[in-house]
Every structure is written in structure tokens, then in C-alpha cells.
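Read the structure below first, then the notes.
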């Protein structure tokens, strides 16, 4: 369901953490009404980027799902679960969300498809390229394609699985041309801001890979290297087939090629 208006915000939090300092990350997938994605992107990129970061969270990236025209996907990060609570209370109880919540919610069918994650190991987090974010009002797309692959797990991640990711899966993506590779696993802590639901009881592994183009991202799939070299070894940990999102950064997405 679209987010509800909160009451009486606390003052803004400290400065937003750097991307690789975000100990907690949300992968948010919004199902939108038909023909409403560009409406939401225009609103989001204009009103909801700097204003969220003023409360101590990091808006890591906003994306069009290339395979689902009515999906908007974005990533945001926090220094901790407690800072997440404070930041979300501040933003969703503040004047910017109050002013624009109706317009945002009008575009959405569902905004509850949210994975609460943490870096899978020290150094596994995404690092944002050192590009200046364009000013509000920019439209179109930033360069590159981010693939986000969600692996549903039989149980919470194990050291053996993370070792397989670190030493087998990550090198394959890097050899295949990924400019960045990042790994996240489920954050098992209780949701500190329950008014915004997250998917609970679903252990997952998330692989993010940033490519220079859609063709470069597709080349990994077309090569068959994943199916031949990795899928058989990975299968013992999986509760179901992995699902890959092909994501095009919006004009103001911090994460892009």
C-alpha cells in the first residue's frame, strides 16, 4: 500500500552516509498504474532526493525496469537500523511528504515490495561513481544498466554461500564487464519503521552489477557462463529460481555508469 502520512517529525538527522557506509539498504519495487511511471519519476527526482538525504538517508539510485513498464525501482541506504527509524520518521512526518504524498500515492498500485538488506561482507557494498548529480528538472536517463539479481535462499546466508559468491560469482561478473559488483543479504532485524512494510521471513541474497550498456549486461546472459559454471554449484542454497531486474538509471540517479 502507498505510504501513510506520519505525525510530528523530529528535526532532520545528521548528513547522509556514503554509499559504502550504508549498513542497511532497501531495494524498493513499486507497481504503478499504467502510464504513471514517468509521472512518478518526474516528481521523485524533483522533490524526493535531496529532501530525503537531509534527514540522514542516502538515495542510492532510481530506475526504470526495462522489462516491466509499470515498475519503478529504487535503492536507499542508512547508517543503521536506528538511524533508519529516525530518518523515516523525519521525512514521512515532514512537510515535503505532506505536500506531495497524494500525487505520489496516486501513481501507485503497491509499494510494499521491499527487501531490507545489509552488505553481505565487509567491502561488499556498492560505491557511487564520483559524478555530480544533475540539478532537479533533468529528464531522460543516465548511462548504464544495473542488474539486480535476487536469489531466494532456503535459509539465512551461510559462510559457505558467501565464500562462493566472493570467490566464484563476483569474479565472473567482473570478467564479464561489470564496472561494479555489490552483494547484500537479508537484514534480519525487526523493522524499526513498521508503517512502511518490508518482506519478512524471506532470506535472500542480492547481487548488483553495473554495466556500461544494456548490451553489455545482456552479454553475460547470452554467454551461458553463469548456467554452465555457477548455477549447478549455487543450486543447493536456493529456495527457488533467481530473478534478475534490468534497471535503467533515471537522469538524477546517483548510481549509474
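If residue 239 satisfies all but one of (1) surrounded by fewer than 14 Cβ atoms within 10 Å (Cβ to Cβ); (2) free of Cβ contacts under 8 Å to residues at least 60 places away in the same chain, what's the number of the condition it fails?
Evaluating residue 239 over (1) surrounded by fewer than 14 Cβ atoms within 10 Å (Cβ to Cβ); (2) free of Cβ contacts under 8 Å to residues at least 60 places away in the same chain leaves (2) as the failure.
Please go through (1) touching a strand residue (DSSP E or B) at 6+ places or on another chain (Cβ under 6 Å); (2) more than 25 Å from residue 53 (Cα to Cα); (3) crowded, with 19+ Cβ neighbours inside 10 Å for residue 169 and return the number of the only condition it doesn't satisfy.
In the conditions (1) touching a strand residue (DSSP E or B) at 6+ places or on another chain (Cβ under 6 Å); (2) more than 25 Å from residue 53 (Cα to Cα); (3) crowded, with 19+ Cβ neighbours inside 10 Å, residue 169 misses (1) alone.
Which of the residues that make up segment 124-166 are out of contact with any helix residue (DSSP H, G or I) (no Cβ under 9 Å at 6 or more places or on another chain), in contact (Cβ under 8 Å) with a residue 24 or more places away in the chain, surrounded by fewer than 13 Cβ atoms within 10 Å (Cβ to Cβ) and under 29 Å from residue 229 (Cα atoms)?
Scanning segment 124-166 gives a single hit, 156.
When residue 155 is evaluated against the numbered criteria (1) under 22 Å from residue 232 (Cα atoms); (2) in contact with a strand residue (DSSP E or B) (Cβ under 6 Å, 6 or more places away or on another chain), which criterion, by number, is the only one it fails?
The failed condition is (2).
So, in segment 99-133, how many residues would count as being at pLDDT 95 or above and closer than 15 Å to residue 49 by Cα?
Going through segment 99-133 one residue at a time, the tally reaches 4.
Residues in segment 63-72: is at least one buried (at least 20 other Cβ atoms within 10 Å of the Cβ) and farther than 20 Å from residue 36 by Cα?
Among the residues of segment 63-72, not one is buried (at least 20 other Cβ atoms within 10 Å of the Cβ) and farther than 20 Å from residue 36 by Cα, which makes the answer no.
Of everything in segment 204-236 that's without any contact (Cβ under 8 Å) to a residue 40 or more places away in the chain and farther than 19 Å from residue 167 by Cα, which residue is surrounded by the fewest Cβ atoms within 10 Å (Cβ to Cβ)?
222
Residue by residue, here is whether (1) over 22 Å from residue 200 (Cα atoms); (2) crowded, with 16+ Cβ neighbours inside 10 Å; (3) touching a residue at least 40 places away in the same chain (Cβ under 8 Å); (4) in contact with a helix residue (DSSP H, G or I) (Cβ under 7 Å, 6 or more places away or on another chain) holds:
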site: 89; (1), (2), (3), (4): no, yes, yes, no
site: 93; (1), (2), (3), (4): yes, yes, yes, no
site: 104; (1), (2), (3), (4): yes, yes, yes, yes
site: 113; (1), (2), (3), (4): no, no, yes, no
site: 116; (1), (2), (3), (4): no, yes, yes, no
site: 119; (1), (2), (3), (4): no, yes, yes, no
site: 122; (1), (2), (3), (4): yes, no, no, no
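Go through segment 180-197 and give me each residue that's in a loop (DSSP other than H, G, I, E, B) and closer than 18 Å to residue 149 by Cα.
Result: 187, single match.
Please go through segment 22-40 and pick out each residue that is within 15 Å of the chain's Cα centre (by Cα) and either surrounded by fewer than 20 Cβ atoms within 10 Å (Cβ to Cβ) or more than 18 Å from residue 85 (Cα to Cα) (or both).
Result: 23, 28, 29, 30, 31.
Checking residue 56 against (1) under 18 Å from residue 196 (Cβ atoms); (2) part of a helix (DSSP H, G or I); (3) free of Cβ contacts under 8 Å to residues at least 60 places away in the same chain: exactly one of these is not met. Which one?
Among (1) under 18 Å from residue 196 (Cβ atoms); (2) part of a helix (DSSP H, G or I); (3) free of Cβ contacts under 8 Å to residues at least 60 places away in the same chain, residue 56 violates only (2).
Check whether at least one residue in segment 60-77 is in contact (Cβ under 8 Å) with a residue 40 or more places away in the chain, closer than 17 Å to residue 208 by Cβ and part of a loop (DSSP other than H, G, I, E, B), and report yes or no.
Scanning segment 60-77, I find at least one residue that is in contact (Cβ under 8 Å) with a residue 40 or more places away in the chain, closer than 17 Å to residue 208 by Cβ and part of a loop (DSSP other than H, G, I, E, B), so the answer is yes.
Do we have any residue at all in segment 120-140 that's in contact with a strand residue (DSSP E or B) (Cβ under 8 Å, 6 or more places away or on another chain) and outside any loop (DSSP other than H, G, I, E, B)?
no
The values are calculated or read from the model by the stated rules, or taken from the named source; none is laboratory data. Note that the structure is predicted; figures quoted are calculated from it, not measured. Cβ atoms come from the backbone with ideal geometry, glycine included; neighbour counts cover every protein chain shown.
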